[in-house]
Amino acid sequence: MRKAQADIISAVLIVMMGLALVGVAYTWGVPLIEKRADTSLVERTYKAFDANTNENSLPKAIVYISNHGGEDIFSLDTKGIWYLYPASDTTPENNSVQFSFQAKVSNLAADQGWIPLSSGSTSPIGIQGFDESFVVFGRADTAPGGYNITYKVWLRGLNNTVTNKIYDLDLAKTTPSISSGKTVKVSRGSVHTEVNLITTEIKILLG
């Protein structure tokens, strides 16, 4: 009888130890798996805006369309929100398209405001032949459970120092200006010439 009781107690202890080990593995393992998944998500999303190394990035697509016309569809499978601020917008964010998403990790210093991510100067007017007609910024803001990360493609003019002409890219006002879709259609609108200012209209339709 005592042996049977001892066997039962032993079995109960083994089960309890097994449950405890499973609990520890779950407590430590799941957050680690989630962190690795979010690290991959952040890297993949950053690459979509990285004009320094990715010729298929959104800023590169905008420049190609501005030069050659036509249209292009840019896709991003990250769950987030797109914001469009046309050139006519009166806020400091004007003439930019932005994408915000949440993650448990960040590849940017948190709560530091906008950080330039593309090469070259960040002045409102760049130098043709040296600078791009865009500047890419990123920011990470602390949020519950992680960070709210935002990438911004800001369009600007380029000055040709030989002809003294400025070639400007202006985002047209289109709707919707906010979208949780996964596609962005980029196309070229009208081109206006005013003395030494040549303005190319860029249309961005958020999916």
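For segment 140-162, a tally of residues being surrounded by 12 or more Cβ atoms within 10 Å (Cβ to Cβ), without any contact (Cβ under 8 Å) to a residue 40 or more places away in the chain and closer than 13 Å to Ala103 by Cα returns 2. If you go through segment 195-206 and keep only what is in a loop (DSSP other than H, G, I, E, B) and either surrounded by 15 or more Cβ atoms within 10 Å (Cβ to Cβ) or among the polar types (S, T, N, Q) (or both), you end up with just Asn196. Based on this model, can you work out whether Thr200 counts as within 16 Å of Ser133 (Cα to Cα) and not small (Gly, Ala, Ser)? Answer is yes for this residue. Considering only residues in segment 158-194 that are not hydroxyl-bearing (Ser, Thr, Tyr) and not in a strand (DSSP E or B), the one that is nearest to the chain's Cα centre (by Cα) turns out to be Lys182. Annotation: Ile73 fulfils all but one of (1) in contact with a helix residue (DSSP H, G or I) (Cβ under 8 Å, 6 or more places away or on another chain); (2) outside any helix (DSSP H, G or I); (3) of a type in the set (A, V, I, L, M); (4) modelled with pLDDT of 95 or more; the unmet one is (1). The sole residue among Ser118, Ser106, Ser75, Ser66 that is touching a Lys or Arg at 6+ places or on another chain (Cβ under 8 Å), of a type in the set (Ser, Thr, Tyr) and crowded, with 19+ Cβ neighbours inside 10 Å is Ser66. Does Lys104 fit the bill of being touching a Pro at 6+ places or on another chain (Cβ under 6 Å) and touching a residue at least 24 places away in the same chain (Cβ under 8 Å)? Criteria not met by Lys104. One residue stands out in segment 88-128 among those that are among the hydroxyl-bearing types (Ser, Thr, Tyr) and within 22 Å of Val186 (Cα to Cα): the one that is modelled with the lowest pLDDT, namely Ser118. Output yes when any residue across segment 136-153 is more than 16 Å from Phe49 (Cβ to Cβ) and of a type in the set (Val, Ile, Thr), and no when none is. Yes.
The values are calculated or read from the model by the stated rules, or taken from the named source; none is laboratory data. What you are looking at is a predicted structure, and each value in this text was computed from that prediction instead of being measured. No Cβ is skipped: glycine too gets one built from the backbone with ideal geometry, and neighbour counts run over all protein chains shown.
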